1. Determine if the range 190-202 includes at least one residue that is surrounded by fewer than 22 Cβ atoms within 10 Å (Cβ to Cβ) and touching a Leu at 6+ places or on another chain (Cβ under 8 Å).
2. Anything in the range 66-123 that is among the charged types (D, E, K, R) and crowded, with 18+ Cβ neighbours inside 10 Å? List them, or say none.
3. Does Y173 fit the bill of being closer than 30 Å to I9 by Cβ and in contact with a Cys (Cβ under 9 Å, 6 or more places away or on another chain)?
4. Quickly run through the range 38-61 and pick out the residues that are farther than 22 Å from A268 by Cα and either surrounded by fewer than 24 Cβ atoms within 10 Å (Cβ to Cβ) or among the aliphatic types (A, V, I, L, M) (or both).
5. For the range 172-184, give me each residue that is within 14 Å of F209 (Cα to Cα) and touching a Gly at 6+ places or on another chain (Cβ under 8 Å).
6. Kindly provide the set of residues from the range 222-266 that are at pLDDT 90 or above, buried (at least 24 other Cβ atoms within 10 Å of the Cβ) and either among the acidic types (D, E) or assigned to a loop (DSSP other than H, G, I, E, B) (or both), ordered by number.
7. In the set L41, L22, which member is at pLDDT below 95 and at negative phi?
8. Can you name the residue in the range 145-177 that is more than 21 Å from A92 (Cα to Cα) and in contact with a Phe, Trp or Tyr (Cβ under 8 Å, 6 or more places away or on another chain) and, of all such residues, is modelled with the highest pLDDT?
Amino acid sequence: MTWKGWAGIAAAVAAACCLPLLTTNAYVIHIGIFLLMYVNLASSLNIVLGLTGQPNFAHATFLGVGAYAAALASLRAGWPFWINLPLGGLVASALGLVIGLPTLRVRGHHLAIVTIGFAQIVRLIEINWDRVTRGPMGLPGIPTASLGSISFGKTEFYYFSLALTLVVLFTIYRLAGSRIGRALMSIRDDEMAAEALGVNTRYYKIYSFVVSTFWAGVSGALYAHYVTFVSPDSFTQADSTSILCMVVVGGAGTLLGPVIGAAVLVVAPEVLRSTSMYRYILVGAVMVVSIMAREGVFSHAFGRLVSALGRDASGGTARGVTRRG
């Protein structure tokens, strides 16, 4: 990445750090926290969808798994936030390994159907295993996050979420530029050619699911301790579709694409709230145009700006996951 790219990122981080200093409106900070969570989710999904080219329509399910793991560990075992955070990621990545195994035999829309079915199975477990999850009533009273003697309010949650987002983005940046990242992208572009060149496609496809779902689970643990309540209705198929749209709208396979997509699809409905139902028509139209453009409408419109900021995680041009070869 060029010095212009690092300068642009530093400016964006500085602006994000200033948000709680510029407003005392708790609702604005609340939206900022959820925006950062969705950036983490979209960026982690980008590992599977953008870098490896594997569709996953169950990403919100892994968010829920991490949230339930953290909630149960906190309520039943009394474990603190700093343990529950990685625990949520580890439990979610264990299930990511399970969902990663079918990728060895199916691909494309068949894999998409597998992930949808997996999401419905987990949702039914959350609803019917009421001895553990309390079913549709959910798990209330989750303790708020704290580190030592510091109990998190909205401002502390915002800065912690921002720090976590930077860790996630830096991890993905390093991953995409590594030998592993190049192997993942070779699978995306042409799996048969990658195998012919000696890439262990079986290992790397599972690897991408495990890493991607780990960060989703960590975000779920953060969500549980922020909202202090989890239920099956908090992690639906619609949420998974929204996260996938964030990646597509911003530009799959790029570093900052999911960030832009999350910002558009989280902030735009709030800005357009006064337009009532028409805001969803506008947001839906943006999604349709982005999918038709295949590379994300924003990655196409702001291609030169993104190039200057070093947006492409792989160091090349932005590329959609549906384009192969």
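1. yes
2. The one that is among the charged types (D, E, K, R) and crowded, with 18+ Cβ neighbours inside 10 Å: R123.
3. Spelling it out, it is not the case that Y173 is closer than 30 Å to I9 by Cβ and in contact with a Cys (Cβ under 9 Å, 6 or more places away or on another chain).
4. The answer is I47, V48, L49, L51, P55, F57, A58.
5. Result: L175, single match.
6. Selection gives F235 alone.
7. Testing whether each residue is at pLDDT below 95 and at negative phi leaves just L22.
8. F157
The values are calculated or read from the model by the stated rules, or taken from the named source; none is laboratory data. Everything quoted here is computed from the prediction, not taken from an experiment. Cβ sites come from the backbone with ideal geometry, for glycine too, and all protein chains shown count toward neighbours.
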